1. Go through the stretch 127-145 and count every residue that is among the charged types (D, E, K, R), free of Cβ contacts under 8 Å to residues at least 24 places away in the same chain and part of a loop (DSSP other than H, G, I, E, B).
2. Yes or no: the stretch 198-209 includes at least one residue that is outside any strand (DSSP E or B), at pLDDT below 95 and among the acidic types (Asp, Glu).
3. Test residue 277 against the stated conditions and say whether it is outside the structural domain of residue 147 (by TED's automatic domain parsing), surrounded by 15 or more Cβ atoms within 10 Å (Cβ to Cβ) and at pLDDT 70 or above.
4. Are any of the residues in the stretch 241-251 at pLDDT 90 or above, polar (S, T, N, Q), surrounded by fewer than 20 Cβ atoms within 10 Å (Cβ to Cβ) and outside the structural domain of residue 118 (by TED's automatic domain parsing)?
5. From 190, 172, grab the single residue that is within 25 Å of residue 28 (Cβ to Cβ), part of a helix (DSSP H, G or I) and either modelled with pLDDT of 90 or more or among the polar types (S, T, N, Q) (or both).
6. Collect the residues in the stretch 226-240 that are under 14 Å from residue 182 (Cβ atoms) and at pLDDT 90 or above, keeping them in residue-number order.
7. Which numbered condition in (1) under 17 Å from the mean Cα position of the chain (by Cα); (2) within 26 Å of residue 243 (Cα to Cα); (3) touching a residue at least 40 places away in the same chain (Cβ under 8 Å) is the only one that residue 113 fails?
8. List, please: which pairs have Cβ atoms under 6 Å, are six or more places apart or on different chains, and start with a residue in the stretch 26-42 that is assigned by TED's automatic domain parsing to the domain that holds residue 80 and end with one that is assigned to a helix (DSSP H, G or I) and β-branched (Val, Ile, Thr)?
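The values are calculated or read from the model by the stated rules, or taken from the named source; none is laboratory data. This is a predicted model, so every value here is computed, not measured. No Cβ is skipped: glycine too gets one built from the backbone with ideal geometry, and neighbour counts run over all protein chains shown.
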Amino acid sequence: MPSPHISVILAAYNAQAYLQQSVRSVLDPSYTDLEVIVVDDGSSDGTAAVCRSLAADDRRVKLISQPNAGISAARNRGLAAAAGEWISVIDADDLWRPGKLARQLSATQQAKNRVVLCDTRRFSENADGGIEWLTASNPPDWTQRPEYQRQLLMLPANRMQSFNTALMRTRDARALGGWNEKLISAQDWDFWCRASGQAEIVRLPDELYLYRKHAGSDTRTGSMVKVLDSQLAVTSSFAKTIGVDVAKAVAWRRLQFLHEAALHVPRRWLIAQLFAVLRSVPRLGADARFRQSLVKALAA
């Protein structure tokens, strides 16, 4: 059997409820020269059984099982097994619109080292199974590399998942080392930052990736701290790589995170973090976003 042109990697953990829908959205009749590698990351539900059923119906679906090691490790396992010249990823509860791969592949023809992203539309399902369309997000348009990398450094958290839409060459993803398994969050953003030094990253301005939002997102302080720690680690590393003042970049990232999280974390913790930012970069006290975050914290 000849090798597929594109390998799609899907890391799945307890994804029984949505896995079939996600895989079927990838098996789009507009582009068929692909394989779907589902990496079951130690699920305790029926994820593996769903995947076996899908594979029985379509030989392009392949299952790899491993003990639970996290999404980055699962994706890297899929990357190691990928037989295609190109790779893309999808989360186990998300969807693709028809034509995603065909349109992205067409956009790669203009340059050998292109990575092609697309826009994202968030959605949720109500209790009756109806779809509620939420906000859209898009990656920045490619400019000159230094300017583009500075945009990435300051990217809002709600756009960090945009690299999840990427189509890129398998050999390039492997050369970059895949996904950082030490991070518990911001893995896509970290990969994006590293890829920006090697490739031209272009945006296809179409909402081809559908990102499922779930009720009851984890906003516990401990979880939020871990998310912030991951973002600060990426910020520090990337700022150093592109020659930006690390302390200032870290302070701005912390400020941006706190501004977005102001309504979801305890006031005492938020105020302590805001004053930590002010101590590290005193001139931020004059910044409007800092003052707004502080007002939110005091009013919470």
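1. 1
2. no
3. Answer is no for this residue.
4. yes
5. Going through 190, 172 in turn, the sole match is 172.
6. 229, 230, 231, 232, 233, 234, 236, 237
7. Answer for residue 113: the failing condition is (1).
8. Filtered contacts from the stretch 26-42: 36/23; 36/26; 40/47.
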